[in-house]
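The values are calculated or read from the model by the stated rules, or taken from the named source; none is laboratory data. If you're wondering where the values come from, they're calculated on a predicted model, not measured in any experiment. Virtual Cβ from ideal backbone geometry, glycine too; neighbours counted across all protein chains shown. For the accessible areas, the whole protein counts, side chains as well, though only heavy atoms, and no ligand, DNA or RNA atoms are used. Shrake-Rupley method; radii C 1.70, N 1.55, O 1.52, S 1.80 Å.
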Amino acid sequence: MATTHTHIGNYEFKSCFMNAAGVYCYDRSELEKVINSEAGTFVTKTATLNKREGNPLPRYYDTELGSINSMGLPNLGIDYYLEYLIELQETMPERSFFLSLVGMSPEETHILLKKVQESSFKGPIELNLSCPNLPGKPQIAYDFETTEILLSEIFEYFKKPLGAKLPPYFDIVHFDQAAKIFNKFPLFFVNCVNSIGNGLIIKDEYTVIKPKNGFGGIGGEYIKPTALANVHAFYQRLNSSIRIIGTGGVLNGKDAFEHILCGASMVQVGTALQKEGPEIFKRLNEELESIMNEKGYKTIEDFRGKLKMI
Ligand code: RRO
């Protein structure tokens, strides 16, 4: 019988599925629902130093093929998530959970990471280099120079397992340039991809969300081909020590199977989790296991990265 069990470094997860940051992860009550589902783990909402209210409402909208959001990084502040994660280390020592964070400036990012470095938190950390929804602030990882400087400053003092959440790239030269930078650092993983930034969805002549004149990050079915391309492009280019988390357009077991074929070791679910709730993880595990059983694969390592070229 197939299992969706996976690992990233020494962290073991009973399932390769988890939430994508931003969905079902704002507070303890949402995170508990993911813990108690068939997901392998969770990641928190991206935390900043202080609590943030985020952008004006409405700021999230579902469509038939996906979603648009311009949440604007609403979160309860780093101390809230760190305290909860440290508590879970005591109460559920056999499990590991992810912390997501980013500062509103490089200085703030260093303050956050130094706090985490000095804390007793032992889990993996996802540095969000790709929020598309902060008015006036570009997505960090689209600026290669800033990204390289930031990472070199961080790895001077940061010794815990750190990965980066990346925006989607759309050009082969950009895959080459980005991978060359990431390969200079002891990154634990990269997560491909965040939402496709600054899309526009219209209903009855109106924008559907209020912030940024209706512009927002696109997720769901719309973005699977872009997500798969990014997972595979980085799988081909990154040092094998840098694991890949695949995110984007995962609605069913086949979508996850494709992410893993492209090289993903874990699979995150955003828009579909928002639409269906944490019960989705049971279905996703069953659907992926059934594809694996049909094909005779017992673990995800049996087919991870083994995409065939026609
Ligand atoms: O909060 C958001 O607006 C947000 C973030 Br931080 C992110 O990384 N990706 C996204 O689609 N929305």
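How about region 81-108: which of its residues are aromatic (Phe, Trp, Tyr) and either away from the ligand (no atom under 16 Å from the Cβ) or in contact with a Pro (Cβ under 7 Å, 6 or more places away or on another chain) (or both)?
Step one: list which residues in region 81-108 are aromatic (Phe, Trp, Tyr), which gives 81, 84, 97-98.
TYR84, PHE97, PHE98 - these are the residues of region 81-108 that are aromatic (Phe, Trp, Tyr) and either away from the ligand (no atom under 16 Å from the Cβ) or in contact with a Pro (Cβ under 7 Å, 6 or more places away or on another chain) (or both).
Which residues, counting only those in region 177-209, are open to solvent by less than 20 Å² (accessible area, probe 1.4 Å), hydrophobic (A, V, I, L, M, F, W, C) and not in a helix (DSSP H, G or I)?
Just the residues of region 177-209 that are open to solvent by less than 20 Å² (accessible area, probe 1.4 Å), to begin with: 178-179, 181-182, 187, 189-193, 195, 199, 208-209.
Next, from what is left, pick out any that are hydrophobic (A, V, I, L, M, F, W, C): 178-179, 181-182, 187, 189-190, 192-193, 208-209.
Once the filter is applied, which keeps residues that are open to solvent by less than 20 Å² (accessible area, probe 1.4 Å), hydrophobic (A, V, I, L, M, F, W, C) and not in a helix (DSSP H, G or I), region 177-209 yields LEU187, PHE189, VAL190, CYS192, VAL193, VAL208, ILE209.
Being crowded, with 20+ Cβ neighbours inside 10 Å, under 22 Å from ASN194 (Cα atoms) and in contact (Cβ under 8 Å) with a residue 40 or more places away in the chain is the filter here; which residues of region 67-95 pass it?
SER67, ILE68, ASN69, SER70, MET71, LEU73, ASN75
When the residues of region 1-22 are filtered to those that are over 22 Å from LEU101 (Cα atoms) and part of a loop (DSSP other than H, G, I, E, B), which remaining residue is most open to solvent (accessible area, probe 1.4 Å)?
Within region 1-22, the match that is most open to solvent (accessible area, probe 1.4 Å) is MET1.
Condition check ((1) basic (Lys, Arg); (2) under 21 Å from the mean Cα position of the chain (by Cα)) across all residues:
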{"position": "ASN194", "(1), (2)": "no, yes"}
{"position": "TYR206", "(1), (2)": "no, no"}
{"position": "ILE209", "(1), (2)": "no, no"}
{"position": "LYS212", "(1), (2)": "yes, no"}
{"position": "ILE218", "(1), (2)": "no, yes"}
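What are the pairs with Cβ atoms under 7 angstrom where one residue, in region 49-66, is closer than 28 Å to THR109 by Cα and the other, located anywhere, is part of a strand (DSSP E or B) and at pLDDT 95 or above? Sequence gap at least six, or different chains.
Pairs that qualify, where the first residue is closer than 28 Å to THR109 by Cα and the partner is part of a strand (DSSP E or B) and at pLDDT 95 or above, are LYS51/ASN75; ARG52/ASN75; ARG59/ASN69; TYR60/SER67; TYR60/ASN69.
So, PRO138, is that one at pLDDT 95 or above and assigned to a loop (DSSP other than H, G, I, E, B) or not? Let's see the steps before the verdict.
Working: at pLDDT 95 or above: no; assigned to a loop (DSSP other than H, G, I, E, B): yes.
Considered against the rule, which asks whether it is at pLDDT 95 or above and assigned to a loop (DSSP other than H, G, I, E, B), PRO138 comes out as no.
Restricting to region 121-141, and then to whatever is touching a Ser or Thr at 6+ places or on another chain (Cβ under 8 Å) and open to solvent by 40 Å² or more (accessible area, probe 1.4 Å), can you tell me which residue is farthest from the ligand (Cβ to nearest atom)?
So the residue we want is LYS122.
Under 19 Å from SER100 (Cα atoms) and either modelled with pLDDT under 95 or exposed (fewer than 13 other Cβ atoms within 10 Å of the Cβ) (or both): does that describe GLU118?
yes
List every residue pair whose Cβ atoms lie under 9 Å apart, where the two residues are 6 or more positions apart in sequence or sit on different chains, the first residue falls within region 228-240 and is over 11 Å from PHE175 (Cα atoms), and the second residue, located anywhere, is part of a helix (DSSP H, G or I).
Partner pairs satisfying both residue conditions: LEU228/ASP255; LEU228/GLU258; LEU228/HIS259; LEU228/LEU261; ASN239/PHE182.
Among the residues of region 259-278, is any surrounded by fewer than 20 Cβ atoms within 10 Å (Cβ to Cβ) and part of a loop (DSSP other than H, G, I, E, B)? First the steps, then the outcome.
Initial filter on region 259-278 (surrounded by fewer than 20 Cβ atoms within 10 Å (Cβ to Cβ)): 275-277.
Of the ones still in play, those that are also part of a loop (DSSP other than H, G, I, E, B) are 277.
For region 259-278, residues surrounded by fewer than 20 Cβ atoms within 10 Å (Cβ to Cβ) and part of a loop (DSSP other than H, G, I, E, B): present.
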